[in-house]
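Notes for the one structure printed next.
Just so you know, all these numbers are worked out from the coordinates, no wet-lab data involved. Being a predicted model, the structure only gives us computed values, none of them experimental. Cβ sites come from the backbone with ideal geometry, for glycine too, and all protein chains shown count toward neighbours.
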Amino acid sequence: MKPGLALLALFLLGAPLLAQTRTLDDFSSIANWTAAPSDGVGLALSQDQGALRLDFDFHGGAGYAVVHRPLSLDLPANWEISFRIRGEAPVNNLELKLIDPSGQNVWWINRKSFQIPRDWREVRTKKRQIEFAWGPAGGGEMKKVAALEFAVTAGTGGKGTVWIDDLKFAELPPDHPYDRTPAVTSNADAITYDFLERREYGCLVIDWDRPSSYTVEISDDGEAWMAIRAVKEGNGGRDYLYLPET
């Protein structure tokens with residue numbers, strides 16, 4: 001990598017895959033959503049500025065605040081569900097649950113001790129992150145979804161407000177070794193790597209000719225960029241950047 005460059009840009013997703021992403025709910029209406037809190041937990045739903053708003057109160061105890069939506073969805077071989085979230089709430093557990101047509105088998109991801117961000121943040125859940133939770137099926141791979149739930153379960157407890165928006169589903173290509181050559185462009189300010197398809201990685205290893213400061217950004221479409229790491233006045237040599245679930 002050339003010295004003095006300020007930006008390393010990673011472009012990960014080409015146009016063909018973007019066409020396979022579809023919106024499950026844009027929350028222009030919340031008529032399909034119902035509140036299902038546990039006993040002793042207060043939960044109110046409302047549509048607020050184009051998003052689903054959850055006002056919850058654990059009243060000093062434990063329990064859960066669940067929102068439920070019927071949703072018919074056939075699952076392909078590889079997929080991802082995403083949504084945006086923000087809020088003003090204490091640290092609790094954030095669950096995403098998928099329920100099959102029997103209504104008895106549940107697959108989920110439980111993000112324990114989840115810090116609700118004050119600014120909008122996209123959360124992505126990949127197929128491999130979903131595991132069987134409970135039900136008579138006893139396990140196996142989920143093939144069809146009949147309903148989806150978000151749940152805030154008591155960790156710290158307390159009360160707060162959470163907004164959820166842009167619930168989307170994407171069919172992903174099958175997992176395979178990367179066998180393509182990235183397209184690389186550079187100028188005085190940045191180096192950009194276009195991997196030509198969506199790829200998952202957990203770290204970057206960057207070699208610098210001399211001490212430098214730089215920012216790493218990623219993009220799904222080459223237009224909207226998100227900064228994921230900044231290094232200030234590095235000491236040169238090799239930098240290991242831990243980037244889980246990127």
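A few notes on this one:
- Applying both filters, DSSP loop and at most 10 other Cβ atoms within 10 Å, to the chymotrypsin sites (Phe, Trp or Tyr not before Pro) of the range 180-246 eliminates every site.
- Magnitude of the charge dipole, the range 136-246, Cβ model with Lys/Arg +1 and Asp/Glu -1, debye to 20: 400
- Hits among lysines - C-alpha to C-alpha of K159 under 20 Å, sequence gap 8 or more where chains match: K112
- Computed over the chain, the per-residue total of -39500 (n - 2.57) for DSSP H runs of n ≥ 4 gives a 222 nm mean residue ellipticity of 0 deg cm²/dmol, rounded to 500.
- Scanning the chain for trypsin sites (Lys or Arg not before Pro) lying in DSSP loops with no more than 11 further Cβ atoms inside 10 Å, the longest uninterrupted stretch between such sites is 1-117.
- Computed log₁₀ I(q)/I(0) - Debye formula, equal Cα scatterers, no solvent, the range 140-196, q 0.17, 0.23 Å⁻¹: -0.89, -1.09
- In terms of its C-alpha gyration tensor, the range 102-246 comes out prolate, because a/c is 1.5 or above and the ratio a/b outweighs b/c.
- Cβ-placed point charges (K, R +1; D, E -1), dipole of the chain about Cα centre in debye, nearest 20: 360
- Eligible lysines near K143 by straight Cα distance, threshold 19 Å, same-chain separation 8 or greater: K97, K126, K127, K168
- Restricting the range 45-121 to chymotrypsin sites (Phe, Trp or Tyr not before Pro) in coil, as DSSP defines it, with at most 16 other Cβ within 10 Å: W120
- The reciprocal of the average 1/r between distinct C-alpha atoms defines the Kirkwood hydrodynamic radius, which for the chain equals 20.2 Å.
- Euclidean distance of C-alpha centroids, the range 180-246 and the range 79-130, integer Å: 27
- For the chain, relative contact order (Cα pairs under 8 Å, six or more residues apart, normalised by length) works out to 30 percent.
- Positive-end residue of A77, G50, A35, charge dipole of the range 22-154 with Cβ unit charges: A77
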